[in-house]
Amino acid sequence: LMSAFVIKHFGQGTFYLVASGFVLFAAFLCCFAPHVEKYTQEETAERIIEKAKRIIGLGFSPSMRLLLPYLFVSGITVAVQNGFEFHIIVESIGDKTKEEQNFYTALIFMVQGFFAVIASYLVGKLIDKTERKNRIMQLSNFIFTLAIIFSLLAHYRNSLNLSYFMGTFWGMGYSSSHAIANVIVAKDFNGSIEGYAVVQALIEMAASRGFG
């Protein structure tokens, strides 16, 4: 919302200044972070080795193997979204000025972010209350299917309106898949740090294959 307003009324240069201001403010707040106890070099090395062994063991466990296809799809969609979505948006607004292109691009991503938050909350609540996780995972895959359909329609029709739907479903699909993965780790793997590490590693590995 801020980017859409600032870019439209003050230009792209001002937007970067405002964004830099937020970054500097965040860096300043780090000065008030609580003190964390430091470990000795031997303790740190031992902890790293132990965690690495637990992560590798968990990655090859039967429970995690059942999640592999879903996590692979989630990672591939990250690559598709980041690699093609912006180009489709630009194609649909090629006849507009640079300022208008920046404005509409920011607006579409704002809509995408809004629905991503809503979907993450709702899907997280649903999968947390039901035992039939596969139904919620199928719903997430259906959202991804809609995102692909609207991406193709927006691309071939060069439609700005269809780009809004494309952004909406990409945001919902991406956020819902991560919410599902996090809830599964929290419930089935007792919220272990190793479980979250394995899930994120698998998603990023699939995303790298998508970019490749």
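The values are calculated or read from the model by the stated rules, or taken from the named source; none is laboratory data. Keep in mind that this is a model prediction, so the values were computed, not measured. Here Cβ is always computed from backbone atoms with ideal geometry, including for glycine, and neighbour counts include all displayed protein chains. Remember, those area values only see protein heavy atoms, side chains included, never the ligands or the DNA or RNA. Shrake-Rupley method; radii C 1.70, N 1.55, O 1.52, S 1.80 Å.
What FRET efficiency, computed as 1/(1 + (r/R0)^6) with R0 = 35 Å and r the Cβ-Cβ distance, is obtained for PHE114 and GLU50, rounded to the nearest 0.05? The computed FRET efficiency comes out at 0.25.
For the Cα trace of the stretch 127-203, dividing Rg by the Kirkwood Rh returns an Rg/Rh value of 1.11.
Among 147-160, 123-136, how do they line up from the highest to the lowest mean number of other beta-carbon atoms within 10 Å?
Values: 147-160: 16.8, 123-136: 14.8.
The packing order, highest mean first, is 147-160, 123-136.
Accessible surface computed residue by residue for the stretch 81-193, with neighbouring protein chains in place and a 1.4 Å probe, gives 54 Å² per residue. Model label sites at ASN134 and LEU68, defined 7 Å from Cα along the beta-carbon direction, differ in position by 1.8 nm.
Roll a 1.4 angstrom probe over the protein heavy atoms and tell me the percent of accessible area of the stretch 76-212 that is carbon or sulfur.
62
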